[in-house]
1. Obtain the radius of gyration and the Kirkwood radius of segment 1-131 from its C-alpha atoms and give Rg over Rh.
2. Describe numerically, in nm with one decimal, the distance between label points set 7 Å from Cα along Cα→Cβ at residue 117 and at residue 285.
3. Taking only Cα atoms and a 10 Å spring cutoff, compute GNM fluctuations for the chain and point out the largest among 160, 12, 143.
4. Please find, in a Gaussian network model of the chain (springs between Cα atoms separated by less than 10 Å), the residue of 286, 102, 66 whose mean-square fluctuation is greatest.
5. Using the Cβ atoms and a cut-off under 9 Å, what net charge is assigned to the surroundings of residue 131, where Lys and Arg are +1 and Asp and Glu are -1?
6. What percentage of the solvent-accessible surface of the chain, computed with a 1.4 Å probe over protein heavy atoms, is contributed by carbon and sulfur atoms?
7. List, largest first, the extents of the alpha carbons of segment 118-160 along their principal axes, each in whole Å.
8. Per residue, how many Å² of accessible area does the chain show with a 1.4 Å probe?
Amino acid sequence: MAPASKADRKAALDVASWMFNVVTSVGIIMVNKALMATHGYGFATTLTGLHFTATTIMTVVLRCLGYVQPSQLPVPDLIKFVVFANLSIVGMNVSLMWNSVGFYQIAKLCMIPVSCFLEVLFDKVRYSRDTKLSILVVLIGVAVCTITDVSVNARGLIAATIAVWSTALQQYYVHYLQRKYSLGSFNLLGHTAPVQAASLLLLGPFVDYWLTRQRVDTFDYNIIAVLFIILSCIIAIGTNLSQFICIGRFTAVSFQVLGHMKTIFVLVLGFFLFGREGLNLHVVLGMILAVAGMIWYGNASSKPGGKERRTYSIPSGKSQKDGLLTESGQLDEKV
């Protein structure tokens, strides 16, 4: 009875983690879309810096209340993570500006094979045939329902390449650092969020001016726009935390594959909230194919031999507990 209850508890926590990520991610996309499209706030890099500032405040408050215990993360690992994460943010923004929407979506889909390559290279992961095929089905389904016009130019290709590799490395490092140093999601955010907030708030206005030719300090900060910015920051706390929880419990590949469920939700909500002119048969078929691929991936990767990797050797002395807010390391056995 005990093993069954442990498995049931893990399954429930897995579902809760994914739902937390889906809800917060879709929510922040919708809020940011309204903020940028309706109110004209196009300073995405600076806004991300504000997101990490809010996340930093959350981790400081929780640490002061005793819910998060002190932990250690070596400075070299912290610097590498922040470099990858900030390159990912800037790279994605530049890629979206310099490329067509279709090529931007293709670049995002490339994160899955790149993440697979990193796991094979560094963790010696082996994928079964069904797992590989299910990933391919997801890629085809998402491509069918999101890719329209595709045009490529040299600088756009460079920006997309930097964005894809830096994002894949950042997500790989989330999982790697949590397992290597026995860090919970709150602990890791407590180390990385302040550095990301400081660096993005420092560089963000210059990057945003380069991208938009507008200064962040000259924007008309009316009450509605400010409320949307605050709401975006509040939701971003959950988005950042849920990303670390999901990648920590699973892997970057699983996060990417199953994370395309958010793409489907965003498309559906967009059709209902912003008009249905883009809804047609091939989009619906793409959604169905993508969801079927995700279900197949979840089933195939959970079977014995579906996705196997070596485990990290974690010294027992480094085990840390985050009280009520820790994701137990023993529950991270499945990839």
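1. On the way: Rg = 19.2 Å, Rh = 18.9 Å.
Taking Rg over the Kirkwood Rh, I get 1.02.
2. Label at residue 117, label at residue 285, 3.1 nm between them.
3. Looking only at 160, 12, 143, the biggest GNM fluctuation is shown by 12.
4. Sorting by GNM fluctuation, first place goes to 66.
5. On the way: positive: 129, 132, 303, 307; negative: 130.
Residues near residue 131 contribute +3 overall.
6. On the way: 11330 of 16200 Å².
After summing per-atom areas, the C and S share lands at 70 percent.
7. Principal axes ranked by extent give 35, 25, 10 Å for the Cα atoms.
8. Numbers: 16200 Å² over 335 residues.
Per-residue value: 48 Å².
The values are calculated or read from the model by the stated rules, or taken from the named source; none is laboratory data. Just so it is clear, the model here is predicted, and its values are computed rather than measured. Note that each Cβ is placed from the backbone with ideal geometry, even for glycine, and that neighbours are counted across all protein chains shown. Surface accessibility is based on the protein's heavy atoms, side chains included, excluding ligands, DNA and RNA. Shrake-Rupley method; radii C 1.70, N 1.55, O 1.52, S 1.80 Å.
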